Amino acid sequence: MSAGYTREVAAHRAGIEPEQLDRLIALGIVPRTDSFTDGDVRKAQLARSLDDAGIPLDAVGSALSRGALSVDFLDTPAYERLGATSLETFREAHERTGIPMELLITMRESLGLAVPEPDDRLREDELAILPFLQIQLEAGFRQTSIERLLRVSGDALRRISEQEAAWWQAEVIEPAIAAGKEPEEIANPSFAEMIVPLADEALLGMHRVYQSRAWTSNIILAFEQMLEKAGVHASLERLPAICFLDISGYTRLTQEAGDDAAADLAATVARLVQRSSVQHGGKQIKWLGDGVMFYFPRPGPGVRAALEMADALPAAGLPPVHVGLHAGPVLFQEGDYFGQTVNLSARIADYARPGEVLVTPPVAESGDHAGIRFDEVGAVDLKGVAGAVQLLRARFD
């Protein structure tokens, strides 16, 4: 816990005027003192949020004086992440770092906050992002790429944070209120102090697992490209196939179905796709959002399995699927497959319309396609793929 903020500095850090801080002191929401702490700043921030939400501060002060509410939990280190407002404006940050103002605004927007004016102050936690932006700009990264990473990261972290809040509400706050615990116990600050650092480490650990896989994929793709450029890429006599099967709106459907129905739905999907893939010599690699990735040692059986799954899932009351297959060299690590073949298969599945099974010429030309026909789709541009890709539509005769 820090000590030593003046009235003016404490007010600025809370994002309010000194006169507003005086009112909070008079109401007993913030203690009367000559040296304000970070906890005091957080109490003022909370009061501002309560006021914005339409909760009368007079009523809050009255409830605090009667012991019906408590804000003492904000003094504990676990709540340090309720970041304060810094003393640096966006204009000053732009002048100090050289980061373009539009990129600073994008940073703020990616965090789900309102578009700032140049003389608005940054949050202290936003200051930690600035060196990351600076080093990218100095290295010549394109601003569009930096903005894309900010927006995707912001959206993903927003959803994680919202789920964290729902988890804490359901497992800590609501049970404490139902048990009639004292106001200062509702937020369970001692438990929060123990679990928050562990949650941070768990989230970082999960992030590093995903980073490891994504970075490995990048390295493998780069090696493939360099080997091909050098003319030493080994050609395989028999190319395996990667299949991506996406179920239109599957995640939304399971969310809307309710827990029991969603579990039954997931079991049905898993049973159908597992049966079809195994019968044709393939294996299910992983689930990805609304779909599944499969590996087939030979393309022919992979096409047959994909067509059977495209028929079986809608017949079981599920939405139509869209499927992409490509045959080519793949690299294996820790139960997963990487490389250009994997990426292209995923892009083809994204491009396919509901009910379609689209394949590349290496798949169609692999033989072993009795009872299956291929209709020419033509050359198409796929997102994230350089150059047009020839596609064919597979179907049973």
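The values are calculated or read from the model by the stated rules, or taken from the named source; none is laboratory data. Not measured: the values here are computed from a predicted model. All Cβ positions, glycine included, derive from the backbone under ideal geometry; neighbour counts span all protein chains shown.
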### Task
Check off (1) modelled with pLDDT under 90; (2) in the same structural domain as R96 (by TED's automatic domain parsing); (3) within 30 Å of D72 (Cβ to Cβ) for R159 and give me the number that stays unchecked.
(3)
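Please note which strands (runs of 3 or more DSSP E) are completely contained in region 304-397 and include at least 2 residues that are in contact with a strand residue (DSSP E or B) (Cβ under 9 Å, 6 or more places away or on another chain) and hydrophobic (A, V, I, L, M, F, W, C). Step through it out loud before you land on a result.
Values: elements: 321-327, 331-333, 336-338, 357-359, 372-380, 389-396.
Once the strands (runs of 3 or more DSSP E) in region 304-397 are filtered for at least 2 residues that are in contact with a strand residue (DSSP E or B) (Cβ under 9 Å, 6 or more places away or on another chain) and hydrophobic (A, V, I, L, M, F, W, C), what remains is 321-327, 331-333, 357-359, 372-380, 389-396.
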#### Entry: Condition check for R91: modelled with pLDDT of 95 or more, of a type outside the set (S, T, N, Q) and in a helix (DSSP H, G or I)
yes
### Query
Between residues in region 117-141 that are under 12 Å from H94 (Cβ atoms) and residues that are surrounded by 14 or more Cβ atoms within 10 Å (Cβ to Cβ) and among the acidic types (D, E), which pairs lie under 7 Å by C-beta distance while being six or more apart or on different chains?
L122/E88
### Hits in region 133-180 - residues which are surrounded by fewer than 13 Cβ atoms within 10 Å (Cβ to Cβ) and outside any helix (DSSP H, G or I)
A139, G140, R142, A179, G180
### Task
Give E171, E184, E147 a once-over and let me know the one that is under 18 Å from E102 (Cβ atoms) and of a type in the set (D, E, K, R).
E147
### Query
Exactly one of (1) surrounded by 14 or more Cβ atoms within 10 Å (Cβ to Cβ); (2) free of Cβ contacts under 8 Å to residues at least 24 places away in the same chain is unmet by G39. Its number?
(2)
### Query
If you take the residues of region 31-52 that are hydrophobic (A, V, I, L, M, F, W, C) and either assigned by TED's automatic domain parsing to the domain that holds L113 or part of a helix (DSSP H, G or I) (or both), which of them is farthest from T6 (Cα to Cα)?
L50
### Query
Going by the structure shown, is Q20 more than 31 Å from the chain's Cα centre (by Cα) and part of a helix (DSSP H, G or I)?
yes
